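Worksheet: one structure, shown below.
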Amino acid sequence: MMLTFERLVPAPLEGNTAPDSIWQTGVSFSQGKLYSVYAPSGKGKSTLMHILLGIRRDFSGVYAIHGKDSAAYTPDDWAGLRRDRLASVYQDLKLFPQISAAENIAIKASLTGFSSSRWRAMAERLGIANLLERPCRTLSMGQQQRVAIVRALSQPFQYLLMDEPVSHLDRENARLVIDLALEEAATQGAAVLLTGLNVQDTPAQFQPVQI
Amino acid sequence: MKTEQFVLKVLAEAGKKRSLWLALAGAAAGLFLLSGAMQTTATFRSVMNRQKDLLGGDFLVINKKVSLLNTLSGRPGSFDEAEQKEIGKWPGIGAVGAFSGNRFKVRASFRAGMQASMPGLSTDMFLESVPDDFIDTDKEGWGWEEGDDEIPLIIPADYLKLYNFGFAQGQGLPLVPESVLQSVSFDLAVYGNGKSAAFRGRIAGFTNRIQSVLVPQEFMDYANGQFGDETGGNPGRLILRADDPSDPALTQRFTEAGYEMAGGDRLRTSRINSLLLLMMGAVLSLALLMIVLALLGIVQFAQILVYRSARDLQVLYLLGCTPAQLAAPLKRRFTVQLGLAAGVALGLTLALHLLLNIGLQQKGFETQALPSWEAFGLLALAVPLLGILLRRAISQAVKEACSG
């Protein structure tokens, strides 16, 4: 599955895009590849993620998913894409604060048929296994970020879209998260798109995308 | 945790249940008013059309208004064949029958001592007949064949009332109940055309519809042939089979044509019917208003639940739930609650039917055992319609919540 932008300019950036940015040049993301998106703050990193996930539709130009214009996708189509093909970690995490971390993940796993032992093993690996029964609102931002990552990985996917997934993590935990994400993506033959990494912290295999 | 459980949990925390129960109570009350009004109307109409009468419930009698001309000519206005055919074509009229009168002399005699409670008396009288189709001939041994000694008669119930409450009381004579009079036979002498014959008369039943003394058509034909003169003319009165004798439109049409409906009860029933229809219309309008308000209340409650849970529903949508999946638990919950309201309305309507029946039976009316199908038909139409509207409103609200 390929994701393509053709002369796509988000409404907030209309008339305010650099000639060498993807908004001007167009871009295609291919399955199995790794992308690190760089941009100054407020230049559309989250907007890019939201457009890719079908949350924002206020843009000119075309966003094509495997050659089909995304404008033709219905809400049900988008729900199916997000459940089976596009895994995501949002900048604001989008966790349910009123229920436990385990329940947050289990809701997603029940939708995708993902086994509890697999996501519990991932939680163990990220060091949050002992926090799973606590309500999410009682966890620190770093802990919540890791819960959101385990939840994102608890599904089949062809693209893993992560918006600043390690912004609240120390270097060691950030490495654990990136390693796990890359392993899962490799297992599924998926692409990874992430934002928020410094150039020096980005693993060499990532292809830079400049906005 | 399953998505559906979570959706229900989120929604349960989003709204105060008291306002929902109020709206549901309003829906139940509105639905009950709707079916209850229908049931009440059906019960009263059935009672009015089911009076005990040897003449079935669907007949009425008409005559032309007596005018000064009739008085001078000595003959009341009669219906010729063309008029009879014309009336037969009116909407709501099934069949037209003519009254036949006696063209011979009749004398009835009660001999003193025939029955302990009856005084001896003798009187000239008249007889009429209508085609047997118009009389429930299975009842009370109606009918006559040549050679029969006994002649069954139907007399107006008012005659007995006149005797009991006028004559008997004034004269200090004993009252005669219907059952006693029906067990009494009396002598009926028929003569004319130079011939005479003696029969026994028996009261087969009473009617409130026809101010006449009816004998079987067979007897009338026989006796007119044997003892009558040859001067039979057009009938002065007609008996009609009507789909709904108390239909106000029919009454109106008779009045406009210058006909009178014999017996006040049909006219009275017709007026009561009009009044009942008017009241039912008012109650049904009120019921519809209540239902609409209740539906608005329930829909608004559902929308508030969805909007208050919008953030969680949107996240679930972003995790891969379809809007239909998210709306399903809410739709199910509201469908069950609407079903409960409909159940309450159904129960109340059944209770109303039973109470009406008990009350009317205590007052001596014959009632219908089964509740009215119109009442339940109306519920069967209204409830799914409400369900569809409610489910649509929920789908719409969830879609809007998902799209942010």
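None of the figures in this text is laboratory data; all of them are computed from the coordinates on show. Values in this document were obtained by computation on a predicted structure and should not be read as measured data. A quick note on method: Cβ atoms are made from the backbone with ideal geometry, for glycine too, and the neighbour counts reach across all protein chains shown.
Can you find, among B:Ala198, B:Ser19, B:Ser78, the residue farthest towards the positive end of the dipole of chain B? Put +1 on the C-beta of Lys and Arg, -1 on that of Asp and Glu.
Value: B:Ser19.
Students often get this wrong, so check it: of B:Lys85/B:Lys105; B:Lys9/B:Lys399; B:Lys65/B:Lys195; B:Lys65/B:Lys85; B:Lys65/B:Lys363, which have C-alpha atoms separated by over 29 Å?
Pairs exceeding 29 Å: B:Lys85/B:Lys105; B:Lys65/B:Lys195; B:Lys65/B:Lys363.
In whole Hz and in residue order, list the ³J(HN,Hα) couplings for region B:211-219 that follow from phi through the Karplus curve 6.51 cos²θ - 1.76 cosθ + 1.60, θ = phi - 60°; x for Gly and Pro.
8, 7, 10, 9, 10, x, 4, 4, 5
With r defined as the distance between the Cβ atoms of B:Val336 and B:Arg271 and R0 fixed at 45 Å, what FRET efficiency is calculated, to the nearest 0.05?
Working from the Cβ atoms, E equals 0.50.
Rounded to whole Hz and in sequence order, give me ³J(HN,Hα) for region B:184-191 from the Karplus expression 6.51 cos²θ - 1.76 cosθ + 1.60, θ = phi - 60°, writing x for Gly and Pro.
After applying 6.51 cos²θ - 1.76 cosθ + 1.60, I find 9, 10, 9, 7, 10, 9, 10, 8 Hz.
Spin-label point model (7 Å from Cα, Cβ direction): what's the A:Arg57 to B:Glu146 distance in nm?
9.3 nm
Roughly how far apart, in whole Å, are the Cα centres of region B:152-214 and region A:66-116?
Using only Cα atoms, the two centres lie 92 Å from each other.
Counting only other chains, and only Cβ atoms inside 10 Å, what mean value do you get across the residues of A:74-80?
5
Could you line up B:Thr349, A:Thr138, A:Thr17, B:Thr40 from fewest to most neighbouring Cβ atoms inside 10 Å?
Least crowded to most crowded, the residues run A:Thr138, A:Thr17, B:Thr40, B:Thr349.
Which residue, chosen from B:Ala28, B:Ser185, B:Pro245, occupies the Cα position most advanced towards the positive end of the dipole of chain B, where the dipole is computed from +1 (Lys, Arg) and -1 (Asp, Glu) charges on Cβ about the Cα centre?
Looking along the dipole axis, the top candidate is B:Ala28.
Given the -39500 (n - 2.57) contribution per DSSP H run of 4+ residues, what per-residue ellipticity at 222 nm results for chain B, rounded to the nearest 500 deg cm²/dmol?
-18000 deg cm²/dmol
Which GluC sites (Glu not before Pro) does region B:122-219 hold that lie in a coil by DSSP with at most 13 other beta carbons within 10 Å?
B:Glu145, B:Glu146
Nothing charged except the Cβ atoms of Lys and Arg (+1) and of Asp and Glu (-1): what's the magnitude of the dipole of chain B about its Cα centre? Round to the nearest 20 debye.
2820 debye
Can you tell me which lysines have their Cα less than 16 Å from the Cα of B:Lys2? Leave out same-chain residues fewer than eight positions away.
Here the lysines satisfying the reach criterion relative to B:Lys2 are A:Lys108.
Report the FRET efficiency, 1/(1 + (r/R0)^6), for B:Asp124 and B:Ala369, where r is their Cβ-Cβ distance and R0 is 51 Å, rounded to 0.05.
According to the calculation, E is roughly 0.65.
For the protein assembly as shown, would you read off the P(r) tail past 33 Å as a percentage of all alpha carbon pairs?
Taking all Cα-Cα pairs of the protein assembly as shown, the fraction more than 33 Å apart is 65 percent.
What GluC sites (Glu not before Pro) does region A:72-140 have in DSSP loop regions with at most 10 other beta carbons within 10 Å?
Here the sparse-neighbourhood loop sites are A:Glu133.
Which residue, chosen from B:Trp90, B:Ala310, A:Ala148, occupies the Cα position most advanced towards the positive end of the dipole of the protein assembly as shown, where the dipole is computed from +1 (Lys, Arg) and -1 (Asp, Glu) charges on Cβ about the Cα centre?
Of the listed residues, the answer is A:Ala148.
Mind checking the mean number of beta-carbon atoms from other chains within 10 Å of the Cβ atoms in A:91-101?
3
What distance in nm separates the two pseudo spin-label positions at A:Asn130 and A:Met1, each 7 Å out from Cα along the beta-carbon direction?
A separation of 3.8 nm, rounded to one decimal place.
What distance in nm separates the two pseudo spin-label positions at B:Lys399 and B:Lys105, each 7 Å out from Cα along the beta-carbon direction?
In this crude label model, B:Lys399 to B:Lys105 measures out at 9.2 nm.
Using only alpha carbon pairs under 8 Å that are at least six residues apart, calculate the relative contact order of region B:59-260 and give it in whole percent.
36 percent
Which ³J(HN,Hα) values in Hz, rounded to whole numbers, follow from the phi angles of region B:348-364 under the Karplus curve 6.51 cos²θ - 1.76 cosθ + 1.60, where θ = phi - 60° and Gly and Pro get x?
5, 5, 4, 4, 4, 4, 5, 4, 4, 4, 4, x, 6, 5, 4, 8, x
Using unit Cβ charges (K, R positive; D, E negative) and no other charged atoms, how large, in debye to the nearest 20, is the dipole of region B:125-199 about its Cα centre?
The calculation lands at about 540 debye.
For B:Val336, B:Val130, what's the fewest-to-most ordering of other Cβ within 10 Å of each Cβ?
B:Val336, B:Val130
Can you give the charge dipole size of region B:59-260 about its Cα centre, rounded to the nearest 20 debye, using +1 on the beta carbon of Lys and Arg and -1 on the beta carbon of Asp and Glu?
Roughly 760 debye for region B:59-260.
Is there a simple number for the mean count of other chain Cβ atoms within 10 Å of the Cβ of residues in A:104-111, and what is it?
Counting Cβ atoms of other protein chains within 10 Å of each residue's Cβ and averaging gives 5.
With the Cα gyration tensor of region A:2-210 in hand, convert its eigenvalues to equivalent ellipsoid semi-axes via √(5λ) and list them largest first in whole Å.
The three semi-axes for region A:2-210 are 28, 19, 16 Å.
Give the calculated FRET efficiency between B:Ile388 and B:Asp243 to the nearest 0.05, with a Förster radius of 25 Å applied to their Cβ-Cβ distance.
Approximately 0.10, to the nearest 0.05.
How do A:His168, A:His66, A:His50 rank when sorted from fewest to most other Cβ atoms within 10 Å of their own Cβ?
Arranged by neighbour count, lowest to highest, A:His168, A:His66, A:His50 become A:His66, A:His168, A:His50.
Expressed in nm to one decimal, what extension gain is obtained for the pair A:Ala18 and A:Ser41 from 0.36 nm per residue of sequence separation less their Cα-Cα distance?
6.8 nm
Please identify, among A:Ala11, A:Ala123, A:Ala64, the residue showing maximal mean-square fluctuation in a Gaussian network model of chain A using a 10 angstrom Cα cutoff.
A:Ala11
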